[in-house]
Protein chains: 4
Amino acid sequence: MKSFSMIEIGQVGWIEKDKPTAGILDAIVRPLAVSPCTSDIHTAFEGGLGDRHNMTLGHEAVGEIVEVGSEVKDFKPGDRVVVPAITPDWRSIEAQDGYHQHSNKMLSGWKFSNFKDGVFAEYFHVNDADMNLAKLPEEIPLTTAVMITDMMTTGFHGAELANIKIGASVAVIGIGPVGLMAVAGAFLRGAGRIFVVGSRQNCIDVAKSFGATDVINYKNGDIAEQVLNATNGKGVDSVIIAGAGTEIMKSAVKMTKPGGTISNVNYFGEGEIIPIPRIEWGCGMAHKQIRGGLCPGGRLRMERLINIVKYGRVNPGKLVTHVFNGFGNMEKALLLMREKPADLIKPVVIVD
Amino acid sequence: MKSFSMIEIGQVGWIEKDKPTAGILDAIVRPLAVSPCTSDIHTAFEGGLGDRHNMTLGHEAVGEIVEVGSEVKDFKPGDRVVVPAITPDWRSIEAQDGYHQHSNKMLSGWKFSNFKDGVFAEYFHVNDADMNLAKLPEEIPLTTAVMITDMMTTGFHGAELANIKIGASVAVIGIGPVGLMAVAGAFLRGAGRIFVVGSRQNCIDVAKSFGATDVINYKNGDIAEQVLNATNGKGVDSVIIAGAGTEIMKSAVKMTKPGGTISNVNYFGEGEIIPIPRIEWGCGMAHKQIRGGLCPGGRLRMERLINIVKYGRVNPGKLVTHVFNGFGNMEKALLLMREKPADLIKPVVIVD
Amino acid sequence: MKSFSMIEIGQVGWIEKDKPTAGILDAIVRPLAVSPCTSDIHTAFEGGLGDRHNMTLGHEAVGEIVEVGSEVKDFKPGDRVVVPAITPDWRSIEAQDGYHQHSNKMLSGWKFSNFKDGVFAEYFHVNDADMNLAKLPEEIPLTTAVMITDMMTTGFHGAELANIKIGASVAVIGIGPVGLMAVAGAFLRGAGRIFVVGSRQNCIDVAKSFGATDVINYKNGDIAEQVLNATNGKGVDSVIIAGAGTEIMKSAVKMTKPGGTISNVNYFGEGEIIPIPRIEWGCGMAHKQIRGGLCPGGRLRMERLINIVKYGRVNPGKLVTHVFNGFGNMEKALLLMREKPADLIKPVVIVD
Amino acid sequence: MKSFSMIEIGQVGWIEKDKPTAGILDAIVRPLAVSPCTSDIHTAFEGGLGDRHNMTLGHEAVGEIVEVGSEVKDFKPGDRVVVPAITPDWRSIEAQDGYHQHSNKMLSGWKFSNFKDGVFAEYFHVNDADMNLAKLPEEIPLTTAVMITDMMTTGFHGAELANIKIGASVAVIGIGPVGLMAVAGAFLRGAGRIFVVGSRQNCIDVAKSFGATDVINYKNGDIAEQVLNATNGKGVDSVIIAGAGTEIMKSAVKMTKPGGTISNVNYFGEGEIIPIPRIEWGCGMAHKQIRGGLCPGGRLRMERLINIVKYGRVNPGKLVTHVFNGFGNMEKALLLMREKPADLIKPVVIVD
């Protein structure tokens, strides 16, 4: 079968691979729509995960089941499914402890295009189908559904980690697709005032439609100062980091109230350390909690997010600015994610 | 001054009272808009709080400050304020423990028209103004603002106690004004599917506009069975009780999943006990948590809810079906709350 | 093989059964020490679970593995293991949601001697060995270890559900073996003053050694009144119910502070309802949370409790008042649990 | 009256000051026993709080009330009281939000010897006596009681912030007096295995008596590596930082499991930033939560900790290695804290 792969760091393209086979609990899925992610760019062009050879890229897909293992109970060939980017080993001590994302090892709930072939291929393998897949309702378009698999669960997790109280104030740093879903997530946890830090107009427009109330632009000075000035020097109750480099932690802590929370869902790809500013962190005593984590995956998570879409709470389809028809456009879509033109939020490839 | 009072159980009317005076931390407020509450009816006509004589009724008001004590720092005469129904003693052990509603004694955060004169008078007294009042932004209409003081904080508290996870399912039992705000609160905590149990069309319409997805009508059979049937026998993650008598606990527990939560914000006025159904509660082992509590009051709570309104998250003004102009209509408004005509949700009296 | 079974309601005895076989993830275990539980009595003599025929009794055991399935990774024949009473299906939506006790169905994490043969047999079957078993350190005696499997995880769960804050006050109702472990659990969550409600001297002695500070005896009057009198009318922060019939809920709620928690780990075997007292529950508004749940099982739980014993935090061996040598004494031990002589807390049978 | 003061940075000594007077809610207290704290050393000799002139030092005291304001209800002259280091303004928005430590401003719950005269004087002033003082039971010795005011509440807070589950593993970094109380606190939250990082024998002995199971010595190599080696490379569930400079955050994060918590109660006095190690923090995705905060103060906290001592849960008197009789020895005790001889944990001065 054909696989759109990272051949080595810096080189991507279509290669021929064996069609995967299903273990007794697994499924083989044919993608219907896929989306490249910034982390595909990190992986393929910057070696973010280290050296990989001939590994199929991609971890955002909705598809159709073509084969299931003998012990799969709830799914059958022909079913249309949402496939989470995170497909953990549910039989692990870490899942017993509430952290399936780190099943067996830190971050190892993330398998696709990390230490296993991804979803940009004619077929891909899903471990533990009953525990990791969710049925796609007819009424949700493919382009919208593929946003659930990673962007929505990640952005919403940013809001979940942020301990948002009803009516409290939140700042979301970065309004790429994850940041936008973090805005929507903050809205869905009951945030009152929502600051967003960003400058691209199309993203600002979507952010506002998701509930952003104040826009902070780097070009107008120190972002933490701007938030402090807008809040009588008090700062916000919660900050969600959804972009930028490690230095952003300084701004995030500075703009947070004592007793507040800094939540991170950004992948920090470079730098030895992430700096907590000592004075603004109250010399260790300010009760400014710092959290960060890989998005939840698995079936229940997908089912709950599908309900968010199905019942019209939030429309993640707004993220999709570019739609390509035909798997042949995979490279074009991926490179678009690399170039990030001004009008891009997320591209989707409809497979056939 | 004139006070609209409960003269004794069963008798209400205007009486003459001394104008209250402010202690050093207190404020005297002139009401601008008030709303009668079902609990005023319980208190005045059913003796819900026991015998009371010549007590001013009412605990839902927005007003204008006319006097402040010498130590009040953040408010001055002329300020327009939202006055919470619950005005606790913040200097109490219970507030230190996180339960200001029960400052000094169970439920004693509730003072107005309970063990102190209420707000249906030319002037009323507010203890600890800096800790209990919040400024009313110009852009919020009086009729909307008065809904914040009790209905919104109560309904939202139902949602807060219900441990709602993003995308989870919720059932709200009772869609009077508190139940409607519970629906809005569930929406703001990220509920997916929201069942409402009720039958009045105007309430159903508002419930849907706040996010209800399924309507359950008592007339169509056992309400718990209906919810179970609609959820493949699984039940919902959370139930919020916002109406009905004590027997409702049986239905609430029955329609809740193991691991789910039953949250109560209904005032149970009658009966010796509230029955938990043994089998459906897993013989004590089902992890179906039962919670219930008086709404939060005080300044911070009001400020956060004001932001919910100000930033357009939820419009509690939708509850207001009847507006009366002139304090002279106070009795008419109260009796309307007693009669509960089909088109009523909440009446508001604009004082002048 | 020989199995000590419930033949029908009211009749127990040794019968011949086929030796169980292991699925690919399972283990077959030979018991080294077992203990009968009050619920075995309910099941066998009172029909607590309904009709059962020729079902092996028992769910408290430590043993030696004699066979493992082909996919079991961490265990092998000859390993000595602690076997939790609760052996859930970790691959279930409920486990994903944090409630493995209710995997697939309410209470269905409890399999042994419920809807599957129990542990009072020459051999017994354990589903998902890697996820449900834990290695038994040499230094822990068999009699002590068998107390971990149910008594300790149940009693400690009572303390976990009780939201105990450091230095807070707790009342434990019932000081049978579960109640005693609840006392130890409350101590290990940092309780200050610990009331126990009970009257048997040997239990009182053990309770004191686990941290009880005040003993309340039913014979001296209403137990809630006694606790209120001892706390200036305030009540305690948390109550753990570990015994008694459904009426106990009235006392439990009455002796709890507003904002406090009532935690139940008692199996309520009779009655249609469990009565919450309306007035003492603040008419639904007192923030007196009511929780209750089946004990956690599985490997991680067992490993953590083993560490509690291994590092000398608590010695559950104190519960063991009667030790029988030889499986032939199984019936004697079971009947002892039925008779409950004054000097009994828990009997253990050393199998060979 | 005489006050032992910081005259300027680097100079301490007895000076004459006016006796303080009580506002209507306040108390004037005569110290019975006091203890110097490492932060007194930072303040006085290193300018940790910036320039201060003629400010009475000290924030750890038990004393006798000599005067109360007109509105104080629960205390009277002659009462012996425990005085928390942290005496917040309970009438503040931050206290309403659950963070009294930061009432009105970050860290401003800490008043004594920070921006107000401390307790090393013949008399000192306590704001809001009813909300901040607690009665000292006769049976607790003065030397023990003074350990409650700061060391115990701080060390225990480290354990509270660490999200300890029953039987989980904990590492405490630093076993000075705060670290030792963190060990006791971890024990009281139910920790299983407790690593301590330290090297002084007297501290190690007390740590073991409080529940430490494994001692890690800096001299034997990288401390994180040692903890990882001792845990099969898994790390611990929780880390409590109770000493060392900012670089310690690297070790703390490294030795923590994904899903674990790093809790800080150390005052970081130097450095621009506190470095989170990027890789070990999972590039922002490891769910290794970082928390830190000033200890809780106020009356309820003191009462609960007093109960911990009164009921024999933990004996903080073990920290007291040096007792001086007579206020004249104040400087000697303070300088001892500066010199830190090998046999010192905490000195106490009995005032008369």
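All of the numbers you see were taken from the coordinates with simple rules; none came from a lab. All figures in this text were calculated on a predicted structure; none of them were measured in a lab. Cβ: placed from backbone, ideal geometry, glycine included. Neighbour counts: every protein chain shown.
Place the label 7 angstrom along Cα→C-beta at B:Pro141 and in each other copy, then list the distances from the first to the rest in nm, shortest first.
3.6, 7.2, 7.7
Pairs of Cα atoms under 8 Å, at least six residues apart: use those to get the relative contact order of chain D, whole percent.
18
Please go through the stretch B:93-189 and write out the GluC sites (Glu not before Pro) that DSSP classes as loop and that have at most 10 other C-beta atoms within 10 Å.
Answer in residue order: B:Glu138, B:Glu139.
When N is the residue count of the stretch A:1-119, what does its C-alpha Rg come to as a fraction of 2.2 N^0.38 Å?
Here the answer is 1.10, to two decimals.
Out of the stretch D:57-138, which chymotrypsin sites (Phe, Trp or Tyr not before Pro) are coil in DSSP terms and have no more than 15 other C-beta atoms within 10 Å?
Qualifying residues, ordered by number: D:Phe115.
Is any residue of the stretch C:255-285 close enough, with backbone N under 19 Å, to a label point placed 7 angstrom from the Cα of B:Lys105 along the Cα-Cβ axis, and if so, which?
Once the point is set 7 Å along Cα→Cβ of B:Lys105, C:255-260, C:278-285 turn out to lie under 19 Å by backbone N, inside the stretch C:255-285.
D:Lys332 versus C:Asn325, label points 7 Å from Cα toward the beta carbon: distance in nm?
In this crude spin-label approximation the distance works out to 6.4 nm.
I'd like the FRET efficiency for B:Glu139 and B:Lys2, computed as 1/(1 + (r/R0)^6) with the beta carbon distance as r and R0 of 51 Å, rounded to 0.05.
After rounding, the FRET efficiency stands at 0.95.
Which loop-located GluC sites (Glu not before Pro) does the stretch A:10-67 contain, where loop means any DSSP state but H, G, I, E or B and the Cβ has at most 16 other Cβ atoms within 10 Å?
Hits after loop and neighbour filter: A:Glu46.
By DSSP, what percent of the beta bridges with both residues in the protein assembly as shown are antiparallel, rounded to the nearest 5?
About 55 percent, rounded to the nearest 5.
Arrange the following residues from fewest to most other Cβ atoms within 10 Å of their Cβ: B:Met330, C:Met181, B:Met302.
B:Met330, B:Met302, C:Met181
Add +1 for every Lys or Arg and -1 for every Asp or Glu among the other residues with Cβ under 11 Å from the Cβ of B:Leu344, and state the total.
Here the charged neighbours net out to +2.
For D:Gly98, place a label point 7 Å from Cα along the Cα-to-Cβ direction in every copy; what are the distances to the other copies, in nm, shortest first?
0.6, 1.3, 1.3
Mind checking the mean number of beta-carbon atoms from other chains within 10 Å of the Cβ atoms in D:292-305?
Mean inter-chain Cβ contacts per residue within 10 Å come to 5.
Could you work out [θ]222 nm for chain D from helices alone, using -39500 (n - 2.57) per DSSP H run of at least four and dividing by all its residues? Round to the nearest 500 deg cm²/dmol.
-7000 deg cm²/dmol
Using the alpha carbon gyration tensor of the stretch A:154-292, what are the three equivalent-ellipsoid semi-axes (square root of 5 times each eigenvalue), largest first, in whole Å?
In descending order, the three semi-axes are 20, 16, 15 Å.
Can you put A:Ser209, B:Ser35, B:Ser251, C:Ser39 in order of Cβ neighbours within 10 angstrom, beginning with the fewest?
Fewest-to-most Cβ neighbours within 10 Å comes out as A:Ser209, C:Ser39, B:Ser251, B:Ser35.
For the stretch A:297-352, compute Rh as the Kirkwood radius over C-alpha pairs and then the Stokes-Einstein diffusion coefficient at 20 °C and 1.002 mPa s; write the answer in µm²/s, rounded to an integer.
Estimated diffusion coefficient is 166 µm²/s.
In nm, give the distance between the simple-model label positions of B:Lys310 and D:Leu228, each being 7 Å from the Cα along the Cα-to-Cβ direction.
The two pseudo-label positions are separated by 4.9 nm.
Using the Cα centre of the stretch B:17-117 as the reference point, and only Cβ charges (+1 on K/R, -1 on D/E), how large is the resulting charge dipole? Debye, rounded to the nearest 20.
Roughly 140 debye, rounded to the nearest 20.
For chain B, give the magnitude of the charge dipole about the Cα centre (Cβ charges: +1 Lys/Arg, -1 Asp/Glu; no others), in debye to the nearest 20.
In debye, rounded to 20, chain B gives about 1120.
How far is C:Asn202 from itself in the other copies, in nm, if each label sits 7 Å out from Cα along the Cα-Cβ line, shortest first?
Here C:Asn202 shows inter-copy label distances of 4.7, 6.9, 7.8 nm.
Could you tell me which of D:Leu319, D:His287, D:Val146 has its Cα farthest along the dipole of chain D towards the positive end, charges placed at Cβ (Lys, Arg +1; Asp, Glu -1), taken about the Cα centre?
Result: D:His287, furthest along the dipole toward the positive end.
Once the other residues with Cβ under 14 Å from the Cβ of C:Gln11 are scored (Lys, Arg +1; Asp, Glu -1), what is the net sum?
Net charge in that neighbourhood comes out at -3.
Give me the distance in nm between label points sitting 7 Å out from Cα along the Cα-to-Cβ direction at A:Lys208 and C:Gln201, one decimal.
Result: 8.1 nm between the two label points.
Using r as the Cβ-Cβ distance of B:Phe45 and D:Asn163, and R0 as 56 Å, what FRET efficiency do you calculate, to the nearest 0.05?
0.65
Along the charge dipole of chain C, pointing to its positive end and built from +1/-1 on Cβ of Lys, Arg, Asp and Glu, which listed residue (C:Ile240, C:Gly167, C:Val349) has its Cα farthest out?
C:Gly167
Could you list A:Lys135, D:Lys340 in order of exposure, starting from the residue whose Cβ has the fewest other Cβ atoms within 10 Å?
In order of increasing Cβ crowding within 10 Å: D:Lys340, A:Lys135.
Short version: what are the Cα gyration tensor semi-axes of chain B, square root of 5 times each eigenvalue, largest first, in whole Å?
That gives 34, 21, 20 Å for the three semi-axes.
Taking only the alpha-carbon positions of the protein assembly as shown and ignoring solvent, what does the Debye formula give for the base-10 log of I(q)/I(0) at q = 0.06, 0.07, 0.08 Å⁻¹?
Log10 I(q)/I(0), no solvent term: -0.56, -0.78, -1.05.
Report the number of Lys pairs in the stretch A:154-292 whose alpha-carbons are under 12 Å apart, with separation of 8 or more residues or on distinct chains.
4
Using Stokes-Einstein with the Kirkwood hydrodynamic radius over Cα pairs, what translational diffusion coefficient do you get for the stretch A:96-218 at 4 °C and a viscosity of 1.567 mPa s, in µm²/s rounded to a whole number?
For the chosen part, D equals 79 µm²/s.
Once the Cβ-Cβ distance between A:Phe115 and C:Phe115 is put in as r, and R0 is 30 Å, what FRET efficiency do you end up with, to the nearest 0.05?
After rounding, the FRET efficiency stands at 0.15.
Is there a simple number for the mean count of other chain Cβ atoms within 10 Å of the Cβ of residues in D:93-104, and what is it?
Neighbouring Cβ atoms belonging to other protein chains average 6 per residue here.
Where nothing but the Cβ of Lys and Arg (+1) and of Asp and Glu (-1) is charged, how large is the charge dipole of the stretch C:154-292 around its Cα centre, in debye to the nearest 20?
Its charge dipole is roughly 320 debye.
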